[in-house]
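**Student:** If you scroll down you'll find the structure; I have some questions about it.
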Amino acid sequence: IAALVLLAPVDDPDVDYLMWEHYWVPQDTVLRRSREDAVPYDAWVDQGWIEATPGNITDYDVIRERIREYADDYGIGFVELAYDRWNANQLVTQLQNDGLLCVGFGQGYASMAAPCRALEALIAGRRIRHRGNPVTRWMVGNVTVSQDPAGNLKPDRARSAEKIDGVVALLMALGRAIVHRGGAQDRSVYDERGLVVL
């Protein structure tokens with residue numbers, strides 16, 4: 001599953017962010033995935049929650065076109081598009097040539113810890129609004145996390161039972177939104193107390 005999450009900060013006393021998700025799977029794999037994984041990919045495609053790309057592999061030209069449409073409709077090119085550096089070179093190069101600002105986003109604790117904390121707080125405070133996408137709900141239910149000795153969290157793809165791509169995309173979007181908002185969630189613990197030597 002390829003995932004894109006658009007996250008927009010809003011000036012609202014009840015909500016901090018609005019989110020829109022978009023998912024893609026290869027058309028030729030939809031029925032097999034539905035049957036073998038016992039996950040309703042076929043229904044989600046029919047209902048418009050997932051877009052099926054032609055063929056048996058993900059068609060990144062379709063994804064590029066959809067992102068360009070979003071950039072035109074919502075102006076995302078004026079902020080930035082975070083991406084997982086793994087296997088994204090061609091699409092990112094094309095999107096940059098299209099005029100989008102693309103920012104690589106690490107998948108380790110250093111990059112994921114702040115957005116994990118922020119997402120937990122947003123969910124607990126009901127401060128993020130979404131469309132009730134069943135694919136995202138399923139992915140959230142699949143997530144397991146890893147914790148380092150310092151207590152930092154990150155999603156654990158290896159231990160997660162099923163797909164979590166939408167959650168990872170949300171965390172990347174939130175990580176960049178935190179930087180742009182300059183929120184406290186982006187500050188390191190060392191900004192407040194300095195380095196502790198044992």
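The values are calculated or read from the model by the stated rules, or taken from the named source; none is laboratory data. All values reported here derive from a predicted model rather than from experimental measurement. Note that each Cβ is placed from the backbone with ideal geometry, even for glycine, and that neighbours are counted across all protein chains shown. Heavy atoms of the whole protein, side chains included, go into the accessibility calculation; ligands, DNA and RNA do not. Shrake-Rupley method; radii C 1.70, N 1.55, O 1.52, S 1.80 Å.
**Student:** Classify segment 25-73 from the C-alpha gyration tensor, please: rounded if a/c falls under 1.5, else prolate or oblate depending on whether a/b exceeds b/c.
**Tutor:** oblate
**Student:** Let me check something: with ligands and nucleic acids excluded, how do Tyr74, Tyr109 order by accessible area (1.4 Å probe), largest to smallest?
**Tutor:** Ranked from most to least accessible, the order is Tyr74, Tyr109.
**Student:** Report the accessible area of Asp14, computed with a 1.4 Å probe over the heavy atoms of all protein chains in place, in Å² rounded to the nearest 10.
**Tutor:** 100 Å²
**Student:** Of the heavy-atom accessible surface of the chain (probe 1.4 angstrom), what whole percent is carbon and sulfur?
**Tutor:** For the chain, the apolar C and S fraction of the accessible surface comes to 50 percent.
**Student:** Accessible surface of His180 in the full protein assembly, 1.4 angstrom probe, to the nearest 10 Å²?
**Tutor:** In the full protein context, His180 sits at about 110 Å².
**Student:** On average, how much accessible surface per residue is there in the chain, in Å², for a 1.4 Å probe, leaving out ligands, DNA and RNA?
**Tutor:** With all protein chains present, the chain gives 57 Å² per residue.
**Student:** Where does each of Asp165, Asp46 land when they are ordered by accessible area, with a 1.4 Å probe and the largest first?
**Tutor:** The most accessible residue leads, giving Asp46, Asp165.
**Student:** If I compute Rg/Rh (Cα atoms, Kirkwood Rh) from the structure I just sent, which labelled value in [x] 1.08; [y] 0.97; [z] 0.93 lines up?
**Tutor:** Computed from the coordinates, Rg/Rh (Cα atoms, Kirkwood Rh) corresponds to [y].
**Student:** Right, another one. So, with +1 on the Cβ of K and R and -1 on the Cβ of D and E, and no other charges, what is the size of the charge dipole of segment 2-46 about its Cα centre, to the nearest 20 debye?
**Tutor:** Roughly 380 debye, rounded to the nearest 20.
**Student:** At 1.4 Å probe size, put Ile178, Ile1 in order of accessible surface, largest to smallest.
**Tutor:** So the residues, ranked largest to smallest area, are Ile1, Ile178.
**Student:** Assign unit charges at the C-beta atoms only (+1 for Lys and Arg, -1 for Asp and Glu), then state the dipole size of the chain relative to its Cα centre in Debye, rounded to the nearest 20.
**Tutor:** 580 debye
**Student:** Hey, another quick one. Would segment 109-184 count as rounded, prolate or oblate if I go by the C-alpha gyration tensor, calling it rounded below 1.5 in a/c and otherwise prolate when a/b exceeds b/c, oblate otherwise?
**Tutor:** oblate
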